[in-house]
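Heads up, the thing below is written out as structure tokens.
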Amino acid sequence: MSRPVKVTLIMVGLDNAGKTATVRGIQGESPEDVAPTVGFSKIDLKQGRFEVTIFDLGGGKRIRNIWRNYYAESYGVIFVVDSSDIERMEETKQAMTEVLNSPKISGKPVLVLANKQDREGALSEADVIESLSLEKLVNEHKCLCQIEPCSAVMGCGKKIDKSIKKGLYWLLHIIAKDFDALNERIQRDTTEQKAYEEQKKRERAERVRRIREERYSLCNFSYLTFLLSSLSKMLDSFLYIKLMGTLLRLAYKPRAFILGVMT
Ligand SMILES: Nc1nc2c(ncn2[C@@H]2O[C@H](COP(=O)(O)OP(=O)(O)OP(=O)(O)O)[C@@H](O)[C@H]2O)c(=O)[nH]1
Ligand SMILES: [Mg+2]
């Protein structure tokens, strides 16, 4: 029996594209009532001899910058597009360009799910290809690509939209064909990324240490200043009391005072 093949995939695309609904359906859960993903969710599933991990990454504008943290370990990309949201096609194209531009993604296989085909006015496969300049984009970055028009809310588990199943099968098949080279690249990239993250961690720790040290010496300095000013105040008070005593003595007993000074 052949050994299981461990494969990590990332699922990206704009917010509201239908990524979470798609992975829910793949997992056999209801794709209805999904909430926007804040951060990511991780899904593990078995597909034949593949042990697949899918990172469903939040697509909100502010969290899109986390996508790059997952590029190194990813064997392939699932890019989900809301085909019915024509106004956001330009934004979708920009997001896809940024993903494929990354050196850690270029050359890896990409499955595009042209989702929400059940919606009226949804762009057809050909229109999505044109709106995204998909052919040019994937050729430029040497990515094998397949596009599947689908609907994530059509069913789940065994009843999931056949196009989603077909797309996932294609992606895993392409990965398996070039597994050794891809795996070598992923091992190299993840080792490099880990070293980079460690370096960043060390730099951060060093920065914190320096700030603490500066704060500590500032604290010591303030303490010293406080101590000196307190001492000076005490001395001032002491001299003041002494002076007042002298004046009082001079005022009430001038003779005794003058004799005291003279002797
Ligand atoms: N009509 C229709 N609605 C869908 C389809 N897929 C997803 N939706 C709906 O679209 C909305 C967004 O779906 P999500 O799966 O949360 O989208 P997402 O891409 O995960 O969004 P973020 O987590 O914010 O990045 C939800 O209301 C889904 O029910 C589809 O194929 N057809
Ligand atoms: Mg989501």
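V80 meets each of the listed conditions (1) part of a strand (DSSP E or B); (2) farther than 19 Å from W170 by Cβ apart from (2). Looking across region 34-49, the residues that are closer than 21 Å to D161 by Cβ and within 12 Å of ligand 2 (Cβ to nearest atom) come down to V34, T37, S41, I43.
So how many residues does region 15-44 have that are open to solvent by 30 Å² or more (accessible area, probe 1.4 Å), without any contact (Cβ under 8 Å) to a residue 60 or more places away in the chain and either more than 10 Å from ligand 1 (Cβ to nearest atom) or aromatic (F, W, Y) (or both)? Summing the residues that are open to solvent by 30 Å² or more (accessible area, probe 1.4 Å), without any contact (Cβ under 8 Å) to a residue 60 or more places away in the chain and either more than 10 Å from ligand 1 (Cβ to nearest atom) or aromatic (F, W, Y) (or both) in region 15-44 gives 3. Candidates are the residues of region 158-172 that are out of contact with any helix residue (DSSP H, G or I) (no Cβ under 9 Å at 6 or more places or on another chain) and aliphatic (A, V, I, L, M); the one that is surrounded by the most Cβ atoms within 10 Å (Cβ to Cβ) is L171.
All of V12, V77, V52 fail the test of being touching a residue at least 40 places away in the same chain (Cβ under 8 Å), β-branched (V, I, T), away from ligand 2 (no atom under 14 Å from the Cβ) and within 20 Å of L132 (Cα to Cα), apart from V77. In the condition set (1) more than 30 Å from E198 (Cβ to Cβ); (2) in contact (Cβ under 8 Å) with a residue 40 or more places away in the chain; (3) open to solvent by less than 50 Å² (accessible area, probe 1.4 Å); (4) over 21 Å from the mean Cα position of the chain (by Cα), L134 is compliant with all but (2). If you go through region 45-65 and keep only what is assigned to a helix (DSSP H, G or I) and surrounded by 14 or more Cβ atoms within 10 Å (Cβ to Cβ), you end up with I63, R64.
In the condition set (1) among the β-branched types (V, I, T); (2) within 25 Å of E29 (Cβ to Cβ); (3) open to solvent by 20 Å² or more (accessible area, probe 1.4 Å), I175 is compliant with all but (3). Each residue in region 1-14 was checked for being open to solvent by less than 60 Å² (accessible area, probe 1.4 Å) and more than 16 Å from ligand 1 (Cβ to nearest atom), and 3 of them qualify.
Inside region 92-141, can you point out the residues that are of a type in the set (S, T, Y) and either away from ligand 1 (no atom under 16 Å from the Cβ) or in contact with a Phe, Trp or Tyr (Cβ under 6 Å, 6 or more places away or on another chain) (or both)? Passing the criteria: T97, S102, S106, S131, S133.
The values are calculated or read from the model by the stated rules, or taken from the named source; none is laboratory data. What you see is a predicted model, and the numbers here were worked out from it, not measured in a lab. All Cβ positions, glycine included, derive from the backbone under ideal geometry; neighbour counts span all protein chains shown. Quick note on the areas: whole protein, heavy atoms, side chains included, nothing else; ligands and nucleic acids left out. Shrake-Rupley method; radii C 1.70, N 1.55, O 1.52, S 1.80 Å.
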